[in-house]
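Input: a single structure, listed below in structure tokens.
The values are calculated or read from the model by the stated rules, or taken from the named source; none is laboratory data. Keep in mind it's a predicted model, so treat the numbers as computed, not measured. Neighbour counts run over all protein chains shown; Cβ positions are idealised from the backbone, glycine included. Side chains included, ligands, DNA and RNA excluded: accessible areas come from the protein's heavy atoms. Shrake-Rupley method; radii C 1.70, N 1.55, O 1.52, S 1.80 Å.
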Amino acid sequence: MSATFFRRCRVVLVLIACIPALYAQEYLYEIGGMAGVANYMGDANKTAILKGLNPGLGVVFRYNANFRVAFKGELAWAKVSGSTNGLSNVFPGQAQASFERNLFELGGQYEFNFFPYSDKFAYLNTKRISPYLLLGAGATIAPGNETMVSMHIPVGVGIKYKLKNRINIGLEFSVRKLFGDNLDVTDESNRLLDDPYGLNSSMWKNRDWYSSWMLSVTWDFGPRNRTCNNAKNISF
């Protein structure tokens, strides 16, 4: 048989070897939605992260820099509420107040995966499930008679799972530190909740927070550029 025949057989074998690599493609981006519950923590609820839960929804976009690091952007809506009824803490004049309001947020977060996250490339010790930590920054607006606008710092933990090729599910708990004390002030009837003791404390004290539990589903897109390692050595 001629040398040309063997060269052509080699080309076919190399191309066949490339097919699994093309199928096992990694993707740069994810997009999807999230849904869950949110709650408020402030003068009407100091520490209980499961008190007064209300619904929340959002959309999420993620850039996967590598198996360990991702950058996430999100746009979300949630309802929060609170009441001083039943609190052991006594407010000046034994006053009582309650509130309920919608809030909207836009933010970005850095995520660090505890394990290399992927359902492919087992030789790199990747895992299709991984816990992660998040830290970021964003802005929150709560429209109404007393509109609140504030920067926030999100901190949280989560777990993500590669359900199948290009589909991810995740569960995340996060808290957001606001740079203000008026998330719970919607009108004059509950202005009591705006620094009720007149302490004028630092930004880390006497400020409002809110937390959320979110379940997400995302879809991978934007394949990374990968070439067959031996393709450059092929000659016809």
Out of the residues in the stretch 2-56 meeting the condition of being of a type in the set (D, E, K, R), out of contact with any Asp or Glu (no Cβ under 9 Å at 6 or more places or on another chain) and over 30 Å from residue 111 (Cβ atoms), tell me which one is modelled with the highest pLDDT. 7
How many residues, within the stretch 128-149, are in contact with an Asp or Glu (Cβ under 8 Å, 6 or more places away or on another chain), under 18 Å from residue 207 (Cβ atoms) and either part of a strand (DSSP E or B) or among the β-branched types (Val, Ile, Thr) (or both)? 4
What are the pairs, 6+ residues apart or on separate chains, where a residue within the stretch 159-175 that is on the phi > 0 side of the Ramachandran plot and in contact (Cβ under 8 Å) with a residue 60 or more places away in the chain has its Cβ under 6 Å from a residue that is surrounded by 16 or more Cβ atoms within 10 Å (Cβ to Cβ) and not polar (S, T, N, Q)? 166/220
When (1) more than 13 Å from the chain's Cα centre (by Cα); (2) crowded, with 19+ Cβ neighbours inside 10 Å are applied to residue 136, the one that fails is (1)
In the list 124, 183, 193, which residue meets the criterion of being in contact with a Pro (Cβ under 9 Å, 6 or more places away or on another chain), at pLDDT below 90 and either open to solvent by less than 40 Å² (accessible area, probe 1.4 Å) or at negative phi (or both)? 124
Residues satisfying the stated conditions in the stretch 58-92, i.e. modelled with pLDDT under 95, closer than 25 Å to residue 144 by Cβ and of a type in the set (Gly, Ala, Ser): 81, 82, 83, 86
Go through the stretch 139-163 and give me each residue that's surrounded by 15 or more Cβ atoms within 10 Å (Cβ to Cβ) and touching a His at 6+ places or on another chain (Cβ under 9 Å). 140
